[in-house]
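Below: one structure, written as structure tokens.
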Amino acid sequence: MERLEIFKIIALQAGKGELTFPANVNATLKLQQALDDADCHIEAAARMVMAEPLLSARVVALANSAAYNRSGNEIANVRAAVSRLGFATLKSMVASVIVRQLGSQITDPQLRAKSARLWEHTAHVAALSQVIAKKVTHVDVETAMFAAIVHEVGGFYLLSRAEEYPGLLDDNTEDWIEYGEKLIGRGVLRQLEVPDMVLQAVEGMWHGGSPFPPRTLGATLVLANDLSPVSSPLHPPEGAERRLAAARNDFGVSGSTLHTILDESAEEIESLAAALLV
């Protein structure tokens, strides 16, 4: 079966809601739905988070990162971490766990390595998106981080299914970028009930280009993606040239410059990425 035909089959299944998720993903999806309930309170949210060890560790780590621990007071329990972060950030953390869980049952060493690198790329894009949103484009910070966390969810889902189709990802990423990323990514994002503005921002990345200077959520995501020091393993090596061009590209921002802002925010970016990599 040709690669493109496989992409179409997986995308059709995703579009119909016939997603094959590991059991732990389904459990975390229920947590995501519970957090969307307007009557959900901090105590209840903290109890649900504590039932997920990976999420608990990441929530506490993020609450203690330079981006959220302005006072320097370290937190050592989930309830205090949830209170400091707020529900919007907590939803991003739940999304990050769902994305990582998609690769939890991969047994093939090469696919596991791709999944690990893809998450490393995602973590850096999320950290950069948060800082760029706050200090450069002035879009909603939490939405920017959430969009970055889910921007490669189609790739994670593909990796979780790739063992069913030996050779699917061998050496060739052109079909994935041209067809699979859009077909599968859109289906998975919709099934995860990602807000339309986030879906539109991610789709903007797939189609390439962004307004300059960057002012929108989509432009925030594109800039963070281009500046990420870790590339996606599902994209061709030429992406390194784009990252190099982005790193060289500087522009004025409210009396400062992009490079100056990134340099001054290096600790914040590093701590955010590290918290997501827990």
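Round to a whole angstrom and tell me the spacing of the C-alpha centers of region 260-278 and region 1-51.
Between the Cα centre of region 260-278 and that of region 1-51, the gap is 28 Å.
With the contact rule set at Cα under 8 Å and sequence spacing of 6 or more, what percent relative contact order holds for region 1-135?
Once normalised by length, the contact order is 25 percent.
Could you tell me the ratio Rg/Rh of region 42-193? Both radii from Cα atoms, Rh via Kirkwood.
Rg divided by Rh gives 1.01.
Could you do me a favour and compute the accessible area per residue for region 97-223, 1.4 Å probe, result in Å²?
Heavy-atom SASA per residue in region 97-223 reads 40 Å².
For region 102-160, which chymotrypsin sites (Phe, Trp or Tyr not before Pro) are in a loop by DSSP, counting at most 13 other Cβ atoms within 10 Å? Intermediate results must be reported in sequence, preceding the final value.
On the way: sites: Trp119, Phe146, Phe156, Tyr157; in loops: none.
Taking region 102-160 and a limit of 13 other Cβ atoms within 10 Å, no loop chymotrypsin sites (Phe, Trp or Tyr not before Pro) are found.
Using alpha-carbon pairs under 8 Å, 6+ residues apart, how would you state the relative contact order of region 125-180 in percent? Working shown, then result.
Details: 27 pairs, mean separation 13.9, N = 56.
The value is 25 percent.
Out of Gly154, Leu29, Asn77, whose Cα points farthest toward the positive end of the dipole of the chain (charges: +1 Lys, Arg; -1 Asp, Glu; placed on Cβ)?
Of the listed residues, the answer is Asn77.
Any chance you could count the Lys pairs in the chain whose alpha carbons are under 18 Å apart, treating pairs 8 or more apart or on different chains as valid?
Lysine pair count for the chain: 4.
Would you mind estimating how fast the chain diffuses translationally, via Stokes-Einstein at 37 °C and 0.692 mPa s with the Kirkwood radius over Cα pairs, in µm²/s?
After rounding, the answer is 172 µm²/s.
Please give me, ordered by residue number, the GluC sites (Glu not before Pro) of region 178-226 that lie in loop per DSSP and have at most 16 other Cβ atoms within 10 Å.
Passing both the DSSP loop test and the Cβ count: Glu193.
Counting other Cβ atoms within 10 Å, keep those with at most 12, restrict to DSSP loop, and tell me which GluC sites (Glu not before Pro) in region 5-93 are left.
When the GluC sites (Glu not before Pro) of region 5-93 are filtered for loop state and at most 12 Cβ neighbours within 10 Å, Glu18, Glu74 remain.
For region 191-200, in order, what is each residue's ³J(HN,Hα) by Karplus, 6.51 cos²θ - 1.76 cosθ + 1.60 with θ = phi - 60°, in whole Hz (x at glycine and Pro)?
Karplus values, whole Hz, x for Gly and Pro: 5, 7, 6, 5, x, 4, 5, 6, 4, 5.
Please express the shape of region 151-215 as an equivalent ellipsoid: the semi-axes are the square roots of 5 times the eigenvalues of the C-alpha gyration tensor, given largest first in whole angstrom.
24, 16, 7
For the chain, the longest stretch holding no trypsin sites (Lys or Arg not before Pro) located in a DSSP loop with at most 15 other Cβ atoms within 10 Å is which?
For trypsin sites (Lys or Arg not before Pro) (loop position, at most 15 other Cβ atoms within 10 Å), the longest site-free span of the chain is 71-214.
The values are calculated or read from the model by the stated rules, or taken from the named source; none is laboratory data. These numbers were taken from a predicted model, which means no experiment stands behind them. Virtual Cβ from ideal backbone geometry, glycine too; neighbours counted across all protein chains shown. All accessible areas refer to the heavy atoms of the entire protein, side chains included, with ligands and DNA or RNA removed. Shrake-Rupley method; radii C 1.70, N 1.55, O 1.52, S 1.80 Å.
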